[in-house]
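Reading through the structure tokens given below for one structure.
The values are calculated or read from the model by the stated rules, or taken from the named source; none is laboratory data. As the structure is a computational prediction, the values presented were derived from the model and not from experiment. Counting neighbours? That spans all protein chains shown, and the Cβs are built from the backbone with ideal geometry, glycine included.
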2 protein chains.
Amino acid sequence: MPSADPTSSTLADAGAAALDETARRAILDAVDAAFDRQLAFTQELIREPSLRGREAGAQDLMERAMAERGLELDRWQLDPEEIGTHVGAGAVAISYEGMTNVVGSYEPAETLGRSLILNGHVDVVPDGPHEQWARNPWDAHIEDGWLYGRGSGDMKAGLGAMLFAFDAVRAAGFDPAARIHFQSVVEEESTGNGTLAAIQRGYTADAVLIPEPEEDMLVRANVGVIWAKVRVGGTPTHVREMTSGFNAIDAAIAVVAQLRVLEAEWNAERSRHPHFEHLDHPINFNIGQISGGDWPSSVPAWCEFELRAALYPGMTADEAWARILEQLAIAEAALGTADATVTAEKTGFYAEGYVLEEGSDAERLLGETHEAAFGSPLDSFTTPGYIDSRLFVLYEGLPTLVYGPKTEQIHGYDERTSIDSLRRVTKSIALFIAGWCGVTPRG
Amino acid sequence: MPSADPTSSTLADAGAAALDETARRAILDAVDAAFDRQLAFTQELIREPSLRGREAGAQDLMERAMAERGLELDRWQLDPEEIGTHVGAGAVAISYEGMTNVVGSYEPAETLGRSLILNGHVDVVPDGPHEQWARNPWDAHIEDGWLYGRGSGDMKAGLGAMLFAFDAVRAAGFDPAARIHFQSVVEEESTGNGTLAAIQRGYTADAVLIPEPEEDMLVRANVGVIWAKVRVGGTPTHVREMTSGFNAIDAAIAVVAQLRVLEAEWNAERSRHPHFEHLDHPINFNIGQISGGDWPSSVPAWCEFELRAALYPGMTADEAWARILEQLAIAEAALGTADATVTAEKTGFYAEGYVLEEGSDAERLLGETHEAAFGSPLDSFTTPGYIDSRLFVLYEGLPTLVYGPKTEQIHGYDERTSIDSLRRVTKSIALFIAGWCGVTPRG
């Protein structure tokens, strides 16, 4: 819990500039001093296989870590009904039974600076066949300066950095002078409904920082994402009558081709979308899963695939969805048989993209802290992936900095995080906390 | 068990012609008289969901039915090792634990005619989603002259016909005058290893009749069939890096397109294959199942599909397999990345096709009995599907008649068998038994 002894007399100016070189040095040194423990904690977190619906163990660990730091704890189960009332909600295709967010709140003795949300997700994407990994994806082993494992970069390194950056400020002899909410959420990899539930619960702040794996850079813009299950169905027959029967797998292949037409159309429009004009292929339609049929010698009667489609900022999910359905109707008509049906349902993300407005105080401060940690200026970039930040930006109007370490193969085999990058990012975040919230000498 | 009282003095000439009109009439009437019971038995058999690996209940029923008829019983579990020694063996991709053939043998008091194998399979293909069926596929309901259900046509109607045709001969006052083996086998829908095991066990005869659903016709020729699992693998990434990563589902689609090139090439050669030249599309490459990926927003790292490929009689399975592998190598090279691999393994059928030589005694006799039952001549045709008959024809040199009732949607939804056709086919088979084996008055 926050100190019970207000020390308003020692107000530090709320800004990194107000930290003198000694204070900065002390914070940076404190990150170094605890870095082995930070790595060990991150490894422990990676060893919790927090696949969707199985996040409880990782959340237990996060809750314990927050409790050890004296934060006020709030852990609650996601409520699909309440989530569904929000325009930014993703479709809930699974049970949320037992799926919880954890928020730990730091309350200063007296509020002198600006409040902050540090947000990260514990859910990770599936690990795939283990034989494709050099080591077990849950081993969290360290080799040649890299921390390996599913979720290592996306984003357990970030979750650890949030807590240990906070520790460093305090170990250096300071207390942040504004409220900080540490949010460990679920559902970032599928709907965004974890962060959305935290917003609905009333958490807000003057800025948000999300340490997603972003190559030591700041995210300037991202795409919206829609998930849908597309199902192709029809009438099967014995393969000896294959040419008369409808083959759902062949039909699904034709439907995918039609979706690629729409994808190409949207990519061709990229010059009209600021921050996307320089990308070769900002709009990716990914067929991430496919399944169909049940017997080699039966003409398959159904095939379904999972579509992940991207959309530019400024296009609503409703607009994109309507266009996708239109394209699927074209595909269905092209199959040339009344027996065949092509249907789609929302299965997760139903999200618009966003552009982070330039010139905020938060961004300026991060530029300074990044330079202090890395010795080079902060670059920003556009990412063609989903991030929960869109919820804070689009619906809360908060300056939201998505900024985190260098990684490789997130969502792939042998996912790994650069340990040197993680150390520097942690330093940058620690200085950011001190600079944004302001500090007082520890009471 | 066969009668213990030899009555060789009453030898009837072994041939349908030898049956006088009264005898014929008596046999035909006996089929009619027992037909309700035949239908009830067939329904009972359909209600056993004898999917692959789950045939035991249906085999129990067949065994009981054979025992009731006094046949000598032989039931044994398939032995993959012994099967594997035969050139016509299919690849064994599952456990054969508990998977049995049942053979019931009739031994005449004295052998005066020609011996016969009546062969059918109890295994059925998967039922698919039940909501696509008008009625539960295991209900075996009867409506408007059709008997419905998975396996109704393929081939439980035929299994019932074998036994009730035999009954009719005896109910009419005759004993067949030669050995008959009633074979109820497994694995016809996947490998052919059930019938192959029966051959290896030493069962043979002067002719074979298999009442598969063949539209009241005789199969003159069929294709060989090969099953293979084709796996496309590579290195996955986050979808934000989709264009740099390898997408196994997109790659699998490209591999399918390459297989279609080979399929078209083989179809273009049909004029060189007797009995196939008049078919539009004798060679079907069916992609019967597909699955790949595990997350909509991960670029899929693997995709595998089940290929069912057909080959003309005269091409060995080895020759076809080599050509398929060659085509897959072309497909792999066309993917244009060393990261991608395309592999294939045999998963079942590895079978050549065959042509039934015209002019056999057995065929001539079936022509007569068919005409007696249907009042129209027997047609023969070429089927682009697999049948176990290839084993008897190619490796045993036996005249093998594949001949059975009119059906619709075998391997599809609402599979059904024409009850009128089944009655006539049963009559034709009853007359065939009497004509081929010869008869003696019942002792």
**Item:** Odd one out for B:R364, checked against (1) closer than 24 Å to B:P384 by Cβ; (2) away from chain A (no Cβ under 12 Å); (3) under 27 Å from the mean Cα position of the chain (by Cα)
**Value:** (1)
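Restricting the search to the stretch B:294-305, which residues are at pLDDT 95 or above and crowded, with 24+ Cβ neighbours inside 10 Å?
B:C303, B:F305
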**Item:** Residue, surrounded by the fewest Cβ atoms within 10 Å (Cβ to Cβ), within the stretch B:63-79, restricted to residues that are touching a residue at least 40 places away in the same chain (Cβ under 8 Å) and in a helix (DSSP H, G or I)
**Value:** B:E63
**Prompt:** With respect to A:G293, is the statement that it is within 10 Å of chain B (Cβ to nearest Cβ), touching a residue at least 12 places away in the same chain (Cβ under 8 Å) and either aromatic (F, W, Y) or on the phi > 0 side of the Ramachandran plot (or both) true?
**Reply:** yes
**Restricting the stretch B:296-305 to residues that are assigned to a loop (DSSP other than H, G, I, E, B) and not small (G, A, S), the residue that is nearest to the other protein chains (Cβ to nearest Cβ)** = B:P296
**Asked** Does A:D280 fit the bill of being within 14 Å of another protein chain (Cβ to nearest Cβ) and within 23 Å of A:T382 (Cα to Cα)?
**Response** yes
**Item:** Selection within the stretch B:292-338 - within 21 Å of A:H411 (Cβ to Cβ) and polar (S, T, N, Q)
**Value:** B:S297, B:S298, B:T337
**Message:** Being closer than 27 Å to A:D388 by Cα, surrounded by fewer than 24 Cβ atoms within 10 Å (Cβ to Cβ) and over 20 Å from the mean Cα position of the chain (by Cα) is the filter here; which residues of the stretch A:112-133 pass it?
**Reply:** A:R114, A:S115
**Message:** On the basis of being within 28 Å of A:N284 (Cβ to Cβ), crowded, with 17+ Cβ neighbours inside 10 Å, at pLDDT 95 or above and within 14 Å of chain A (Cβ to nearest Cβ), does B:F285 make the cut?
**Reply:** no
**Asked** What strands (runs of 3 or more DSSP E) lie completely within the stretch A:134-202 and have 3 or more residues being closer than 25 Å to A:D79 by Cβ and under 20 Å from the mean Cα position of the chain (by Cα)?
**Response** A:180-185
**Asked** Which of the residues that make up the stretch B:281-295 are assigned to a strand (DSSP E or B) and β-branched (V, I, T)?
**Response** B:I287, B:I290
**Asked** Is it the case that some residue within the stretch A:376-386 is free of Cβ contacts under 8 Å to residues at least 40 places away in the same chain and either within 11 Å of chain B (Cβ to nearest Cβ) or under 30 Å from A:I433 (Cα atoms) (or both)?
**Response** yes
**Asked** Going through the stretch A:318-345 one residue at a time, which ones are of a type in the set (D, E) and away from every other protein chain (no Cβ under 14 Å)?
**Response** A:D318, A:E319, A:E326, A:E332
**Message:** I'd like the full set of residues that are among the charged types (D, E, K, R) and in contact (Cβ under 8 Å) with a residue 12 or more places away in the chain, limited to the stretch A:131-149.
**Reply:** A:R135, A:D139
**Prompt:** Looking at the stretch A:306-317, is at least one residue in a loop (DSSP other than H, G, I, E, B), farther than 30 Å from A:I429 by Cβ and within 14 Å of chain B (Cβ to nearest Cβ)?
**Reply:** no
**Message:** Restricting to the stretch B:80-90, name every residue that is crowded, with 20+ Cβ neighbours inside 10 Å and either assigned to a loop (DSSP other than H, G, I, E, B) or in contact with a strand residue (DSSP E or B) (Cβ under 6 Å, 6 or more places away or on another chain) (or both).
**Reply:** B:G88, B:A89, B:G90
**Prompt:** Looking at (1) touching a strand residue (DSSP E or B) at 6+ places or on another chain (Cβ under 9 Å); (2) under 26 Å from B:E21 (Cβ atoms), which is the one condition that is false for B:Y386?
**Reply:** (2)
**Item:** Positions within the stretch A:242-277 being assigned to a helix (DSSP H, G or I), in contact with a Phe, Trp or Tyr (Cβ under 7 Å, 6 or more places away or on another chain) and more than 11 Å from chain B (Cβ to nearest Cβ), in sequence order
**Value:** A:L259, A:R270
**Item:** Hey, B:Y148 over 30 Å from B:A93 (Cβ atoms), in the same structural domain as B:S421 (by TED's automatic domain parsing), at pLDDT 95 or above and in contact with a strand residue (DSSP E or B) (Cβ under 6 Å, 6 or more places away or on another chain) or not
**Value:** yes
